[in-house]
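The values are calculated or read from the model by the stated rules, or taken from the named source; none is laboratory data. Computed from a predicted structure; not experimentally measured. Cβ placement follows ideal geometry from the backbone for every residue including glycine, while neighbour counts extend to all protein chains displayed. With ligands, DNA and RNA removed, areas are computed over all heavy atoms of the protein, side chains included. Shrake-Rupley method; radii C 1.70, N 1.55, O 1.52, S 1.80 Å.
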Amino acid sequence: MMEHQKYFDKLRYCLQLESDAERARLAERRQRRGDKNAEKHGEALIDLAIEDYRTGLGGRYLLSLVKRNREMGLPWNRFRVGAPVLLSYDEAPEEDWLYGIVSARSARHVEIAVDEWPDGNKFRIDLSADEVTRSRQLSAMNHAQTGRARVAQMRDILLGDREPIVDEIKEIEFQAALNTSQQQSILTALACRDIAIIHGPPGTGKTTTVAELIFQAVKKGLKVFATAPSNTGVDNLLDRLTRYKLSMVRIGHPARVQEDLQRYTLDAIIERDPAQDVIRAMFKEADQLMRKASKFTRAKPAPGSRQDMRQEARRLRDDARTYERQLIATALDRADVLCATATFDPEVLGDRRFDLAVIDEACQSTVSGCWPVITRAEKVVFAGDHCQLPPTVLSAEASREGFAVSMMERLVALYGEKVTRRLTTQYRMHEHIMQFSSDQFYDGSLIADASVMSHRLCDLPNVATSPYSEGAATFIDTAGASWDEEEEQDGESRLNSQEGQLVLQWVDQWLDQGLPPSDIAVIAPYAAQVRWIRDRCSSGVEVDTVDGFQGREKEAVIISLVRSNSIGEIGFLGDTRRMNVAMTRARRRLVVIGDSATLANHPFYADMIGYFERVGGYTTVWESY
């Protein structure tokens, strides 16, 4: 159909725009290769050395990189597990840089998986444009556009050309203790024949609900593909699923997940197979042959001997990979649930299809990022919250074309309550922290469970009682204080040092009163403010942008809004979903610092300030505790 052609052409166009934008930004950052500020944005790590290495599936090298000065830890960075990177070394030209994937990280090291051994002594890694993922998305989109049978039916439903079917809802026996909205979401998802949506506002137990849904599907004999856009999202879901004692495999690039989940990874399962000892020996022999072929010797080698060694090494690696693929296929076939990011390697799955696919945190994925999962499923359940942050899109033009609108958000608008159920009982926030977001984004439907409705910091053991720990929701108004925002030196971001000083005072008060630093979060919408506060904040307190905290929670959260100017300009604070995320990270104590004279020109912030007044949480910098 012509309309389908237009849809996929536009999607491919947006994907290309995003690719161009990402490569342009990373290229600009990499131009600072000799710049002492190269690590400033957290997208590069320089002056590294290989401290250790091991081998993973497929003979990949897992390199552990640390600072060459071993006494130094790594600076703050954005190298999350699963992130694509470029490894460069010494003065090697760009064509010799190696593509890799972050497979583990700590405060002093980052481990990356690469296919070749790097010949160098001084290393640098940069975040890379993820062209591999984009290529997989394009392939899935082509399949969706031209596919027949069930793929064509799902495509027509997702594009609005065919109505989804909902069968009669049948009662079931739940394994987990669930509230009514959670139960109704699962029953509806099971009754939907094609697609279903679980709308999970902050703290409402979405992952718990999705895990129970997967268990019920397996109980019916269905094969399930459990996915999320990020490794963290997949591992959170896998963690919940472990309570059900299902047969599960976590697939993906080599990565150290939390210790109690390690046994589910494909690496660990294959490692336990006795045949892996033989495969490992074959990879090791191949590695030794390649190194020997490349090694300089004073004696001239026999003609063709180096070529013979390399050829033998390649043969050994090919044979080892063949045997390993057989082990992988057996492990995957035995599993009830396969868990992976939506950027999974299609070669690992082969031609496998699933009775049910779940995309958790679906609103954090672009539309193109969903198609690889959809094309393998008879039915898809989307779980997430379209009232929180949308997918990250760098290209302004792609955003204008709608690329920043997730598939789940489109489907909620398209089919609404026919396939969608919202979770309404939340188990995270004090009711005063919850209520403003509930009214603004969720039609006032959220209810704080009795276990959290009135909990405060001072109720925690070893936390002293004071005005800093007694209240729940506070807005500190800086209007009239001349705490004007500043533009960062390079003009890339904004900061407000006076607000930053007040943030530090509050953090110090919480620490002095016995709150552990790991229970405190500082959130700012601007990276410059994050950097300013992080450089001065107590160790162990997390300081990050709103994006860095989506899906997270802390006992106490303080937010610095930064913007303070004479013209009422608030920039991207105008995307109010950002504030929804920031304000709903706090469990017991939320403090927001901002300039009402600047903010209140926007109706959302005028309502927010009014709300704080109504709950007795409004104060100014002129008042003190």
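A few points about this structure:
- Residue in region 317-331 that is under 23 Å from Leu57 (Cα atoms), in contact with a Pro (Cβ under 7 Å, 6 or more places away or on another chain) and not in a loop (DSSP other than H, G, I, E, B) present: no
- Of all residues in region 480-507, those that are of a type in the set (D, E, K, R) and surrounded by fewer than 19 Cβ atoms within 10 Å (Cβ to Cβ) total 6.
- Scanning region 9-52 for residues being within 25 Å of Arg534 (Cα to Cα) and either open to solvent by 50 Å² or more (accessible area, probe 1.4 Å) or modelled with pLDDT under 80 (or both) gives a total of 15.
- Of all residues in region 567-599 being of a type outside the set (D, E, K, R) and either within 18 Å of Arg456 (Cα to Cα) or free of Cβ contacts under 8 Å to residues at least 24 places away in the same chain (or both), the one that is most open to solvent (accessible area, probe 1.4 Å): Ile567
- Just so you know, in region 417-441 the residues that are of a type in the set (Ser, Thr, Tyr) and not in a helix (DSSP H, G or I) include one that is most open to solvent (accessible area, probe 1.4 Å), and it is Tyr427.
- Applying the criterion of being under 13 Å from Val337 (Cα atoms) and in a loop (DSSP other than H, G, I, E, B) to the residues of region 221-247, the residue that is modelled with the lowest pLDDT is Lys245.
- Sole residue being closer than 30 Å to Gln288 by Cβ and among the basic types (Lys, Arg), chosen from Arg60, Arg25, Arg80, Arg12: Arg60
- In the set Gly160, Gly73, Gly120, only one residue is outside any helix (DSSP H, G or I), at pLDDT below 85 and open to solvent by 20 Å² or more (accessible area, probe 1.4 Å); that residue is Gly120.
- Exactly one residue out of Val543, Val557 is touching a residue at least 24 places away in the same chain (Cβ under 8 Å), at negative phi, surrounded by 22 or more Cβ atoms within 10 Å (Cβ to Cβ) and not in a helix (DSSP H, G or I), and it is Val557.
- Taken together, the residues in region 596-619 that are over 31 Å from the mean Cα position of the chain (by Cα) and part of a loop (DSSP other than H, G, I, E, B) amount to 5.
- Residue identified as within 18 Å of the chain's Cα centre (by Cα), under 30 Å from Thr55 (Cα atoms) and not polar (S, T, N, Q) among Gly233, Gly203: Gly233
- Being touching a strand residue (DSSP E or B) at 6+ places or on another chain (Cβ under 7 Å) and on the phi < 0 side of the Ramachandran plot holds for only one residue in Glu492, Glu485, Glu470, and it is Glu485.
- Members of region 314-352 that are of a type outside the set (Val, Ile, Thr) and touching a strand residue (DSSP E or B) at 6+ places or on another chain (Cβ under 7 Å): Ala331, Leu332, Ala335, Asp336, Leu338, Cys339, Ala340, Ala342
- Among the residues of region 368-406, the ones that are open to solvent by 10 Å² or more (accessible area, probe 1.4 Å) and part of a helix (DSSP H, G or I) come to 5 in all.
- Every residue from region 455-469 that is open to solvent by 10 Å² or more (accessible area, probe 1.4 Å) and either assigned to a strand (DSSP E or B) or over 18 Å from Glu613 (Cβ atoms) (or both): His455, Arg456, Cys458, Asp459, Leu460, Pro461, Asn462, Val463, Ala464, Thr465, Ser466, Tyr468
- Qualifying residues in region 442-454 (those that are buried (at least 21 other Cβ atoms within 10 Å of the Cβ) and in contact (Cβ under 8 Å) with a residue 24 or more places away in the chain) - the one nearest to Asp194 (Cα to Cα): Tyr442
- Restricting attention to region 56-80, the residues being polar (S, T, N, Q) and over 30 Å from Ile251 (Cβ atoms) number 1.
- For region 194-217, the candidate set comprises residues that are touching a strand residue (DSSP E or B) at 6+ places or on another chain (Cβ under 6 Å) and closer than 14 Å to Ser247 by Cβ; within that set, the residue that is surrounded by the most Cβ atoms within 10 Å (Cβ to Cβ) is Ile214.
- Tabulated pairs, region 429-440, first closer than 14 Å to Thr474 by Cα, second part of a helix (DSSP H, G or I), C-beta under 6 angstrom, 6+ apart or interchain: Phe436/Tyr611
- Residue in region 552-563 that is modelled with pLDDT under 95 and either closer than 25 Å to Thr207 by Cα or in contact with a strand residue (DSSP E or B) (Cβ under 6 Å, 6 or more places away or on another chain) (or both) present: yes
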